[in-house]
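Before any comments, here is the structure.
The values are calculated or read from the model by the stated rules, or taken from the named source; none is laboratory data. Just so we're clear, the structure is a prediction, and the values are computed from it rather than from any experiment. Here the Cβ positions follow ideal geometry from the backbone for every residue, glycine too, while neighbour counts run over all protein chains shown.
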Amino acid sequence: MSRRSPKPTGSITRNVRNRPGRRSSIHGSPAVSSDSRSGPKRATSSFPLSSHTASPKKFQLATRLTFRYRKDKRYEPDLSTTDIGAAFLGRFYVFDPVYLQAEVERLNWDYVARTEEGYETVEDTYTGYYVGFGFVQNAGGRVAMYMSFLWDFAYDKNEPSPNTNPWLIRIGFGYTF
C-alpha cells in the first residue's frame with residue numbers, strides 16, 4: 001500500500017507558480033437566469049476566459065469571450081437580444097490571492113428601444129474600460145473560484161449601455177492545466 005502526499009492547499013495562484021509547466025488556465029462563468037419580478041424574461045450567458053501567467057509570475061494576461069442571449073416576453077411580439085464580444089485583460093497579483101485587474105472589452109450588443117410603432121431591437125457596439133480588484137481561492141486540486149469587483153470608466157448613465165451600473169461583480173470558476 002503506497003502513501004500519497006497530501007494535495008497542496010492555498011490559492012490556485014500559489015499552486016500555479018510553484019509547479020513548472022502549469023502556467024495556463026481556463027475560467028468560465030456560465031449562467032442561466034429568469035427574472036420573475038418583471039414578467040417572463042430569460043437570459044443565458046457564457047463568459048469563457050483563457051489566461052496565461054507571464055514572467056515574473058505575478059502577472060497574468062487573459063482573453064475573454066462573451067455570449068449572452070435574452071428572450072423577453074413582456075413585449076408584443078416577444079423580443080430577443082444577443083450580445084457577442086471579446087476582452088483582453090491583465091492581472092497583477094499584489095499578494096496571494098488578491099489581484100488588481102485592468103480590462104478592455106469590445107461588445108456587439110442588442111438593446112430594446114421604443115419606436116413610434118412600439119418596440120424594436122437595436123444593435124450597437126460598446127467598448128468598456130474596466131479597472132478593479134479581485135481574489136482567487138483554491139477549490140481543490142486544479143479548480144479555483146474567483147471573484148472580481150470592477151468599475152467601468154466608459155459607462156455613461158445618459159447613453160445606452162450593456163451594463164446597468166458602472167460597477168460589475170464577476171464570479172466564476174477556473175481550471176489550471
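Here are a few things to note about the model shown:
- Residue match in region 121-132 (condition: touching a residue at least 40 places away in the same chain (Cβ under 8 Å) and acidic (Asp, Glu)): no
- When region 70-102 is filtered for residues that are in a strand (DSSP E or B), modelled with pLDDT of 80 or more and of a type in the set (Asp, Glu), only Asp83 remains.
- Those residues of region 101-133 which are of a type in the set (D, E, K, R) and touching a Gly at 6+ places or on another chain (Cβ under 8 Å), in sequence order: Glu103, Glu105, Arg106
- Whichever residue in region 163-177 is in contact (Cβ under 8 Å) with a residue 40 or more places away in the chain, assigned to a strand (DSSP E or B) and of a type outside the set (Ser, Thr, Tyr) and, among such residues, is nearest to Trp109 (Cα to Cα): Arg170
- Taking the listed residues Glu105, Glu120, the one that is part of a strand (DSSP E or B) and over 23 Å from His52 (Cβ atoms) is Glu120, with no other qualifying.
- Of the set (1) at pLDDT 90 or above; (2) under 13 Å from the mean Cα position of the chain (by Cα), all apply to Asn108 but (2).
- Members of region 163-177 found to be surrounded by 15 or more Cβ atoms within 10 Å (Cβ to Cβ) and hydrophobic (A, V, I, L, M, F, W, C), listed by number: Leu168
- Residue under evaluation Phe59, criteria (1) over 12 Å from the mean Cα position of the chain (by Cα); (2) at pLDDT 70 or above; (3) surrounded by 15 or more Cβ atoms within 10 Å (Cβ to Cβ); (4) not small (Gly, Ala, Ser), criterion not met: (3)
- Scanning region 129-162 for residues that are surrounded by fewer than 16 Cβ atoms within 10 Å (Cβ to Cβ) and not in a strand (DSSP E or B) yields Ala139, Gly140, Gly141, Phe153, Ala154, Asp156, Lys157, Asn158, Glu159, Pro160.
- Scanning region 144-162 for residues that are out of contact with any strand residue (DSSP E or B) (no Cβ under 6 Å at 6 or more places or on another chain) and touching a residue at least 12 places away in the same chain (Cβ under 8 Å) yields Tyr155, Ser161.
- Meets criteria (crowded, with 16+ Cβ neighbours inside 10 Å and modelled with pLDDT under 80) for Ser38: no
- Scanning region 91-108 for residues that are within 19 Å of Tyr155 (Cβ to Cβ) and surrounded by fewer than 15 Cβ atoms within 10 Å (Cβ to Cβ) yields Ala102, Val104, Arg106.
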